[in-house]
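Asks: Mind looking over this structure? Questions follow.
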Amino acid sequence: FRRVLFRSGTGGPWQLAPDSNDTYRATASATWAPGTMLAVQASGRDVPAFTGTFVVPPALVYENARADLMAAIAGADDVVLTWRPIDAEEIWVGVQSGTAQVSCSFKGQDGMGTIPGAALATLPASGRTISSVANNSNQLQLGNWWVNLIAQSRAQLTDGSVL
């Protein structure tokens, strides 16, 4: 792409440049309210020009206590996650230890999901961490190209701390 512009409501546009992986990301200072429709316009180059829209997901708030959650991911039993149901296409959860990772996806409206203990058992037991985001996306096919437009909100706990 030669340039990518983001627009939301009357705000913007914000022009983005690719990172070292040829991914275009809005900066941390560019935040939008949940439910905001974002429009993207790219002028094209190797990938054809395109326009697309996607919606910013609401905040993802887990109801699990941090200590309970950290103890659960350290074991090899199923881990049940609960969150306030939200209008998000996907809740992504990853548990990582070193370079190994287990990823699970759930629907935002479900309000709960389970990380299988059998999957956790494939990870080294020490140094496990967990991360999660809520995603809304739009995938565009442009000839032989696929473009993924993704808006994410980071997970937090009921005390407001980041997961």
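Asks: Does Q152 meet the test of being part of a strand (DSSP E or B), open to solvent by 70 Å² or more (accessible area, probe 1.4 Å) and free of Cβ contacts under 8 Å to residues at least 60 places away in the same chain?
Replies: Considered against the rule, which asks whether it is part of a strand (DSSP E or B), open to solvent by 70 Å² or more (accessible area, probe 1.4 Å) and free of Cβ contacts under 8 Å to residues at least 60 places away in the same chain, Q152 comes out as no.
Asks: What is the one condition in (1) part of a strand (DSSP E or B); (2) touching a residue at least 12 places away in the same chain (Cβ under 8 Å); (3) of a type outside the set (G, A, S); (4) open to solvent by 50 Å² or more (accessible area, probe 1.4 Å) that D87 does not satisfy?
Replies: Against the list (1) part of a strand (DSSP E or B); (2) touching a residue at least 12 places away in the same chain (Cβ under 8 Å); (3) of a type outside the set (G, A, S); (4) open to solvent by 50 Å² or more (accessible area, probe 1.4 Å), D87 comes up short only on (1).
Asks: Of the residues in the range 108-139, how many are part of a strand (DSSP E or B), surrounded by fewer than 17 Cβ atoms within 10 Å (Cβ to Cβ) and either at pLDDT below 90 or not aliphatic (A, V, I, L, M) (or both)?
Replies: 6
Asks: Also, I was wondering about something else. Please find, among L142, L81, L149, the residue that is aliphatic (A, V, I, L, M), touching a strand residue (DSSP E or B) at 6+ places or on another chain (Cβ under 7 Å) and modelled with pLDDT of 95 or more.
Replies: Matching residue, one of L142, L81, L149: L81.
Asks: Identify the residue in the range 52-68 that is in contact (Cβ under 8 Å) with a residue 12 or more places away in the chain and open to solvent by 60 Å² or more (accessible area, probe 1.4 Å) and, among all such residues, is nearest to the chain's Cα centre (by Cα).
Replies: Here the answer is T53.
Asks: Answer yes or no as to whether G94 is at positive phi, open to solvent by less than 80 Å² (accessible area, probe 1.4 Å) and at pLDDT 95 or above.
Replies: The answer is no for G94.
The values are calculated or read from the model by the stated rules, or taken from the named source; none is laboratory data. Note that the structure is a prediction, hence the values are computed from the model and not measured. Glycine gets a Cβ as well: all are built from the backbone with ideal geometry, and neighbour counts include every protein chain shown. Protein only, heavy atoms only, side chains kept; ligands, DNA and RNA dropped before computing areas. Shrake-Rupley method; radii C 1.70, N 1.55, O 1.52, S 1.80 Å.
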